1. Could you list all residues from the range 47-104 that are closer than 21 Å to Val119 by Cβ and among the basic types (Lys, Arg)?
2. Taking the range 101-121 as the search range and keeping residues that are among the β-branched types (Val, Ile, Thr) and open to solvent by 40 Å² or more (accessible area, probe 1.4 Å), which one is farthest from Gln3 (Cα to Cα)?
3. Give the range 1-17 a look and list any residue that's closer than 15 Å to Met82 by Cα, of a type in the set (A, V, I, L, M) and open to solvent by 60 Å² or more (accessible area, probe 1.4 Å), or say none.
4. Scan the range 79-100 for residues that are of a type in the set (Ser, Thr, Tyr) and open to solvent by less than 60 Å² (accessible area, probe 1.4 Å) and jot them down.
5. Would you kindly identify the strands (runs of 3 or more DSSP E) lying entirely within the range 1-95 that contain at least 1 residues that are in contact with a Phe, Trp or Tyr (Cβ under 9 Å, 6 or more places away or on another chain) and free of Cβ contacts under 8 Å to residues at least 24 places away in the same chain?
6. I'd like the full set of residues that are among the aliphatic types (A, V, I, L, M), buried (at least 19 other Cβ atoms within 10 Å of the Cβ) and under 12 Å from Val92 (Cβ atoms), limited to the range 18-51.
Amino acid sequence: QVQLVESGGGLVQAGGSLRLSCAASGSAFKVNSMGWYRQAPGKQRELVAAITSGGTTSYAASVKGRFTISRDNAKNAVYLQMNSLKPEDTAVYYCNAKGIATTASRNLELWGQGTLVTVSS
């Protein structure tokens, strides 16, 4: 059974840093693209950063220059280094992975359980 497990959220002061981690468990899943989304209370979930299997990255304008996404293909893992955090970064962050279930030869999209990031002013 394939699932995403997230970690790294917490409470930090403005200007501080956090590193989020996410790994896909199970071997019958070939990950193509991975990304991080976030959702603040009362707001729509938004894409924060994404990375392809080849390492090409993209970022939301609000985090560009402050956040860095990376991945370890061998571990089916993705990371989000968050620096210079601002109160407006406060949200639940969700890991996302898109790939193929190798046994069933079907496309899959998985979501992590979410990890809360709180940035105090």
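1. Across the range 47-104, the qualifying residues are Lys64, Arg66, Lys86.
2. Within the range 101-121, the subset among the β-branched types (Val, Ile, Thr) is 102-103, 115, 117-119.
After this cut, where a residue has to be open to solvent by 40 Å² or more (accessible area, probe 1.4 Å) as well, the list is 102-103, 118.
Details: Thr102: 14, Thr103: 15, Thr118: 25 Å.
This residue is Thr118.
3. Selection gives Leu11 alone.
4. In the first step, residues of the range 79-100 are kept if they are of a type in the set (Ser, Thr, Tyr); the result is 79, 84, 90, 93-94.
Scanning the range 79-100 gives Tyr79, Thr90, Tyr93, Tyr94.
5. Correct list: 46-51, 57-59, 67-72.
6. Within the range 18-51, Leu20, Val48 meet the criteria.
The values are calculated or read from the model by the stated rules, or taken from the named source; none is laboratory data. Being a predicted model, the structure only gives us computed values, none of them experimental. Here Cβ is always computed from backbone atoms with ideal geometry, including for glycine, and neighbour counts include all displayed protein chains. Ligands, DNA and RNA are stripped out before the accessible areas are found, and what is left, the full protein with its side chains, is counted by its heavy atoms. Shrake-Rupley method; radii C 1.70, N 1.55, O 1.52, S 1.80 Å.
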